[in-house]
1. Restricting the search to the range 108-127, which residues are without any contact (Cβ under 8 Å) to a residue 40 or more places away in the chain and either under 22 Å from the mean Cα position of the chain (by Cα) or open to solvent by 80 Å² or more (accessible area, probe 1.4 Å) (or both)?
2. Would you call ARG130 in contact with a helix residue (DSSP H, G or I) (Cβ under 7 Å, 6 or more places away or on another chain) and open to solvent by 50 Å² or more (accessible area, probe 1.4 Å)?
3. If VAL206 satisfies all but one of (1) touching a Gly at 6+ places or on another chain (Cβ under 9 Å); (2) surrounded by fewer than 17 Cβ atoms within 10 Å (Cβ to Cβ), what's the number of the condition it fails?
4. Does the range 163-174 contain at least one residue that is within 24 Å of GLY380 (Cβ to Cβ), open to solvent by 30 Å² or more (accessible area, probe 1.4 Å) and not aromatic (Phe, Trp, Tyr)?
5. Looking at (1) more than 26 Å from LYS71 (Cβ to Cβ); (2) without any contact (Cβ under 8 Å) to a residue 60 or more places away in the chain, can you tell me which one ALA349 breaks?
6. Starting from residues that are over 23 Å from the mean Cα position of the chain (by Cα) and modelled with pLDDT under 85, keep the ones in the range 285-311 and report whichever is most open to solvent (accessible area, probe 1.4 Å).
7. Is there any pair with a first residue in the range 371-383 that is closer than 8 Å to THR296 by Cβ and a second that is among the charged types (D, E, K, R) whose Cβ atoms are under 8 Å apart and which are 6 or more apart or on different chains, and what are they?
8. Do the conditions hold for THR77, that is, is it surrounded by 21 or more Cβ atoms within 10 Å (Cβ to Cβ) and under 28 Å from ALA116 (Cα atoms)?
Amino acid sequence: MNDKIKDLTQGDLRRHLYQLALPIMGTSFIQIAYSFTDMIWLGQLSSKALAAVGAAAVFSWIAASISLITKTGSEVTISQSVGAGRLDEARSYASHNVLMSLLLGLGMLLLYAGLAAPMIDLYQLEPEVRSDALHYFYISLIGFPEVYLTAALTGLYNAIGDSRTPFRISCVGLVGNMLLDPLFIHTLGWGVSGAALATVTSQAVVFILFWQRVRRDRLFGGFPFLVRLQRSYVLRILQIGLPVASLQVLFAFVSIYMGRMVSSLGGHIGVATMTSGAQIESLTWNTASGVTTALTTLVGQNYAARRLPRVYEAFRRALTFTLSVGIVGTLLFVFLGEQIFAFIVPERAAYEAGGVYLRIVGLSQAFMMLEITAGGLFYGLGRTYVPATVSFVLTYLRIPMALLFASWGWGIEAVWWAISLSSILKGLVMLGFYLWQRQQHIRQAAAQLEGL
């Protein structure tokens, strides 16, 4: 096997899991830090600036969700090809994922350029906030192709067991964003537009570094970025990646609806609370997502190599870690939520509202960890439709729940309770699917032994 490609079907699972997971977690935290850097500097301007960026960020989230088609596609198709020893197939999947990511990025750029104003108007923002949101949105479009290509290349390196490369490159982008934010936002006085320019510039630097690294490493003997797309490879990538991407897009649509509801119940303070609170909450779920991405690669290689005991042992170790993170998150959000929020938004009304948000969603953190980690198992098995379906149904349940709770006179807290309770339900349902899947594999193994 190519010396840059790690064989995860042998050796200590704990070591493999944490060697993979820690850099991925670091990369996830860097993505959070991008947003936190923007929020901290913009929070010093006003809560209106935060609301403007928060409104635009939801649509950027939808675009980033589409990039999961090729990121997850890379992680699963390439890891399974490597686990089965089919390196020529892995090479073809690498080429297809990269080219598809470029086409998707350009397509989303053109689509958003034509629909930016009506999308922002869904939030019914005040004129000043709407104007800032549009400026941020239009500038952000410049970075779409780079973001999509970077996502696919990150998935490629994760799939071969080299999660350190994406982490190191992302660190460079974060440092650039941290340096440019205060310069563009405050020193040059560009405000919200400056935050967008800082982010886009950093994204371009990250992609350039990735491009140079891929050319130097010559993975699978080198693979072309421009190929003639083959139907079988495209369909397999879409089969793997589309459920994951669709889930995130639909999740964002629910957030948009809930955002409108929050705006009507709490004005720009409500919008700032929801968007900034979600960024704070991402500290826990991004940690779990990092471990889950590592789990996907481990499961993908070992499942393809028919090593089922290692598959479930990897899941058990991953879940032990993520549940610990969820419990810590609950304690922090429930007891220190207001203080955490005040660090980002110093306005009293904003951080008091944020404290209420974190206390309520904090109750669901361990269940969220269970949902995300079980999802990583099914991703590695190539059955991405299972977690996607569960999350789709129960995420959309938030809408009738919020409307019901609001009719009871709960005010804006109706939305927070709908978010928290639906997350608890998702965790419990995914636990049921995990137990069912494990029993299926046990029965299959017993049937094979009887047939010998």
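The values are calculated or read from the model by the stated rules, or taken from the named source; none is laboratory data. Quick caveat, the model's predicted, so the values are computed rather than measured. Here the Cβ is made from the backbone with ideal geometry for all residues, glycine too, and neighbour counts use every protein chain on show. Surface areas here come from the heavy atoms of the whole protein model, side chains and all, with no ligands, DNA or RNA. Shrake-Rupley method; radii C 1.70, N 1.55, O 1.52, S 1.80 Å.
1. Hits for the range 108-127 are LEU109, LEU110, LEU111, PRO127.
2. Working: in contact with a helix residue (DSSP H, G or I) (Cβ under 7 Å, 6 or more places away or on another chain): yes; open to solvent by 50 Å² or more (accessible area, probe 1.4 Å): yes.
Yes, satisfied.
3. Failed condition: (2).
4. yes
5. (2)
6. Applying the filter and picking the extreme gives ARG306.
7. TYR379/GLU75
8. Working: surrounded by 21 or more Cβ atoms within 10 Å (Cβ to Cβ): yes; under 28 Å from ALA116 (Cα atoms): no.
Taking the combined requirement at face value, the residue does not satisfy it.
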